[in-house]
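Right, one structure below, let's go through it.
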Amino acid sequence: MEEFKVTIEKFDGPLDLMLHLIKEKQMDLMDLDMNELTDQYIAYLNSMQQLHLEIAGEYLAELATLIEYKSKKMIPGNKEELEDAYEEDPKERLVRRLLEYQQYKEISESLNTLFEERQMMMGRPLSTEVDQWMKHSDEELKVEGNPYDLMKAMKRILMRMQLSKPIEARYTVKEISMEDRQIEVRAKLDRLPETFRFEALLDDVHEPQMFIATFLAVLDLARQHKLFFTVDEQEVIWFRRGEMVNE
């Protein structure tokens with residue numbers, strides 16, 4: 001195994017770390033070498049232990065999955081058993097998860113860049129079309145959406161807000177994390193119908209930082225399949241609650 005160079009960086013989770021290792025070692029994500037990835041992943045976690053850094057449980061859970069897959073592959077004649085033991089090949093499942101996470105990460109980075117460029121400020125809540133939002137037919141709403149369509153529609157919303165609302169130079173920034181905002185969004189969902197427009201979540205949004213936190217919160221809920229979204233022909237973002245949204 002190639003010598004591992006220790007670099008302490010902040011990762012958002014095990015998938016973020018894996019993407020970093022894949023890029024650093026110039027591995028092909030579409031033809032992923034699971035043995036190489038597992039070795040590099042183990043080396044990185046070992047380096048954290050040597051520096052007495054705490055390793056979150058989610059990193060260890062992914063490590064167990066990688067080791068299990070590698071060990072089964074190393075057992076002679078175990079290929080058929082490995083295939084029968086999973087409905088989806090573990091390698092294919094991991095690649096799919098990595099691609100999905102990469103998409104959401106790119107969207108988040110694009111949104112942050114957008115705000116850095118525009119530095120816009122939102123004023124009063126959006127509430128003039130609430131009745132119309134609630135009349136959208138459930139039967140017309142699809143339960144799947146492309147995250148890039150979502151980002152494109154989000155930019156449209158920002159442009160409309162910039163045109164319809166004055167940009168205020170003085171405002172108080174409320175610091176809020178995506179996790180805290182997700183708790184608030186979940187509470188809002190209890191008061192909303194099964195189907196609603198994204199703007200229905202913006203009644204308390206008065207600054208760009210809150211908008212970013214709201215967007216990332218719903219993005220994470222969509223990633224967990226607790227919210228489903230679609231973008232219609234008018235680039236209106238519609239959400240439908242998942243069955244587990246209140247858990």
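The values are calculated or read from the model by the stated rules, or taken from the named source; none is laboratory data. Just so it is clear, the model here is predicted, and its values are computed rather than measured. As a convention, Cβ positions derive from the backbone with ideal geometry for all residues, glycine included, and neighbour counts pool all protein chains shown.
Here are the numbers:
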read-out: Pair list, Cβ < 7 Å and 6+ apart or interchain, from the range 9-27 residues that are part of a helix (DSSP H, G or I) to residues that are among the polar types (S, T, N, Q); value: Leu19/Gln102; Leu21/Gln40
read-out: Failed item, numbered, when Met120 is tested on (1) surrounded by 11 or more Cβ atoms within 10 Å (Cβ to Cβ); (2) farther than 24 Å from Arg223 by Cα; (3) of a type outside the set (D, E, K, R); (4) modelled with pLDDT of 85 or more; value: (4)
read-out: Residues being in a helix (DSSP H, G or I) and in contact with a strand residue (DSSP E or B) (Cβ under 9 Å, 6 or more places away or on another chain) - total across the range 189-218; value: 6
